[in-house]
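Take a look at the structure below.
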Amino acid sequence: MAKIKFAVGLILLLSLLGSITPLAPAHAAPDEVKWSRVNIPAGISSIIDLALSPNYSQDNTLFMLTWGGEHSLWRSLNGGAIWETVCSSTLPDVDLIDMVELPPQYGNGSQVVFIAGSSNGNPAIWKSMDNGQNFDQPRLTQDPTTGATLTIDIWTVVNDNTLFIGSYDGSNGLVYHTTNSGLSYSTGAVVGDQSLYSIVLSPDYEQDETILVGNTNGWVYWSEDNGISFEPLPPDATSPPLTGTITVAFDSQYSSNKTVYAASGDAGKGIYRFIIGTSASWESIDSPADGMIGQLMVSADGTLYAANSMADGGMERCLNPTFHLAPTFETVTRGLDDGAKLTGLWLHGNQLWSIDTTNTELMTYTDRLAVPVTLASPSNKAPGIGTFINYEITNITLDWEVLTGATQYHWQLDYDRDFSSVPTGFEGDTGASSARLPPLEPATKYYWRVRAIEPVLSRWSPKWSFTTSIDAPTLYSPKAGASGVELKPLFQWSSTDWATSYELLVSSKASFSSPLISMTGGKALPTTAWQCDTELDYNTSYYWKVRAKGSDTYSPWSDTGIFTTMSEATTPPLEPPSLQVPSPGASNVSLNPFFAWSGVDWATGYEFILAEDSNFTHPVISKLGENAMPTAAWQCDTELDYNTTYYWKVRAIESDTYSPWSDTGIFTTEAEPPAVVYTCPQCGMTFDTQAELLAHWDAMHSPVAPTTPAYIWVLIAVGALLVIAVLILIIRTRRVA
């Protein structure tokens, strides 16, 4: 073809001008997920092959080989809106064209196009450096050793100059390597003894130089030395591990998981998985009924697609092909005509193309749902979610962003992250982008996730969590609307179940935009009362609110309280009560002391506070508001601790009028009495109770009958003998006399 001489070029140019076909590309609506037709020129009997730009999302370039009385190579620069013929089998030295391929570098300063076919009865490759406008003369494919021509059964393009081709010499499958665009080839590497059907490079080929090949008789081979040698998978196989024509593919994460896929063209055999270095045999992961899988593709995000050439077989789609238990496959036929048979599969990003051989159509499918749902609210790890009513949490809605093309969603809620046993009522389907939850437990962490389920599955969203709320406190003191409140008021509120502390805000603004007092975070209060340590302004209205804080959650803020501090004194201040009993500094005070103070004529009650610190930060006893005492004395009904110093104060009240607090009293309770010890007089052991001592005495020291020592019996015997001797002497003496 010698760079298409001027005359031939002129003829071709006229042909091209006449063959430019302006058409409106047929794509699915932006919110639909289904197959749609790419309009093609009229007069085409069959579509043979397709090549798409690696930068299709930027340049929209497609090359298509067709037959319609002649082989034609078409090019579109706008996704199929306009096609133009750039090469044809009517040209000199071109018998037929049956393959087209673009290098991975196409579009990045490169416009190399390869086509393969036959020239003057010999297999040949042509190369264009200008996007298919002109092709070099045919490069015949020949064995470097024998010079025999090599049929091109399979091929793959590495870069602008490097290709692998697969051939069969009648005895062996052979893979050849060229680094000069087909001008010469390496010695063929033997790949089994059958003709070859598919070849694919590893996603990290530049680093690992790994190649997969499938043949026409159930074998899969791999090479990790750039095609110099091949071995079967599994390596110890002595008979075909699969059947029929085999299409192969690498997982997108092959470099880390060593997972590869194979599909059989035999009816009903389906798709298989193998982990190099781990698997002993091919594992079946999908078997569509009577399916005939002719092409596999794996997207960068790991989605596996497979074209099923059975009538109405559509395309197999799997979002989790590496899942160790059971990958989930679904069949995509929406948008295809009845009886459609898909042959070939090409992929860019999330858009696929396939050929419907029944209807001679080029079909495209944009997989808008191969992405996860984006969650919106409750935000991840959010505390204090929901409304506390009768010890249940209600009014929680899960929200997520609409996923383009999705018509139905499935949501799940669980107590843990694995969602292995979702409780009843904690999952459901919806056509909206939100779901109302059933009543939940207070102060409990929940995990949730969402996926689209129609028209096809999406990936699961990330797993988010939230923690349900607890009840909000009720404000006690200062009362709502109180006036004349002292400048360092005591704040008091109700306790809340599950609360570990309380946060308090005080501000002169109802919005709390710049709080004067903020006891939050690490300064949260451990009890339900706090003596203000900041002096407020006279005659000023203040707003305050409290919320309970649990281990991982919050309650809502309480209702907002409002009070007004006392006016600056213009008359002598009211006299506070005087403390009487216990006397200041008293010690050895009873654990239930009697308190007394001087009465005030105008008072209707007395407020009382007792604490272990002089600032009354954490009151032990507080009798305030409605709990104020009506008289000037009180018998403590709470047992205090032994040997502990306490502080106390009292003020008189009448309606909204308060005296200043009394001076602070201080006393110390009695020491804990020493424990009574009972000691055994015999052995010296000690006991806590008399009963224990008596039990010990009975067991260890009970009285026994006395035993006469042996020496006593000896003395008695000697004495008896002496008495007898004396008696004998007396008798003898009397006789003599």
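What follows draws every value from the coordinates through simple rules; no lab data is involved. What you see is a predicted model, and the numbers here were worked out from it, not measured in a lab. Heads up, the Cβs are rebuilt from the backbone with ideal geometry, glycines too, and the neighbour counts pull from every protein chain shown.
Applying 1/(1 + (r/R0)^6) with R0 = 30 Å to the Cβ-Cβ distance of ASP93 and ALA42 gives a FRET efficiency near 0.60. Summing Cβ point charges (Lys, Arg +1; Asp, Glu -1) relative to the Cα centre of the stretch 375-468 gives a dipole of roughly 260 debye. Angle of helix 6-19 to the longest C-alpha principal axis of the chain, folded into 0 to 90 degrees and rounded to 10: 60°.
When only the Cβ of Lys, Arg, Asp and Glu is charged (+1, +1, -1, -1), the dipole of the stretch 579-669 relative to its Cα centre reaches about 160 debye. With 31 Å as the limit, the listed pairs LYS34/LYS269; LYS127/LYS258; LYS463/LYS509; LYS445/LYS623; LYS445/LYS479 have LYS127/LYS258; LYS463/LYS509; LYS445/LYS623; LYS445/LYS479 beyond it between alpha carbons.
Calculated over the stretch 475-558, the projected area of the Cα convex hull averaged across directions stands at 5.3 nm².
Using the Cα gyration tensor of the chain, with a ≥ b ≥ c the square roots of its eigenvalues, what is the shape: rounded (a/c below 1.5), prolate (a/b larger than b/c) or oblate (neither)? Taking the square roots of the gyration eigenvalues as a ≥ b ≥ c, the chain is oblate.
Summary value for the stretch 375-468: 38 percent relative contact order, contacts being C-alpha pairs under 8 angstrom separated by 6+ residues. When the Cα positions of ALA306, LEU73, SER379 are compared along the charge dipole of the chain, SER379 comes out farthest toward the positive end, with charges on each C-beta of Lys, Arg, Asp and Glu. Projecting the Cα atoms of SER181, PRO144, ILE115 onto the charge dipole of the stretch 103-222, computed from C-beta unit charges around the Cα centre, puts ILE115 farthest toward the positive end.
For the chain, the residue among SER88, ASN615, PHE512 whose Cα projects farthest onto the positive side of the dipole built from Cβ charges is ASN615.
Given +1 at the Cβ of Lys and Arg, -1 at the Cβ of Asp and Glu and no other charges, the dipole of the chain around its Cα centre is 1640 debye to the nearest 20. Within a Cβ distance under 9 Å of THR468, other residues only, what is the Lys/Arg minus Asp/Glu net charge? Result for the local shell: 0.
Computed over the alpha-carbon atoms, the stretch 579-669 gives an Rg to Rh ratio of 0.95, Rh here being the Kirkwood radius from the mean inverse distance. Between ILE396 and LEU437, the built amide H atoms are under 5 Å apart, and every one of these is 5 or more places off in sequence or on another chain.
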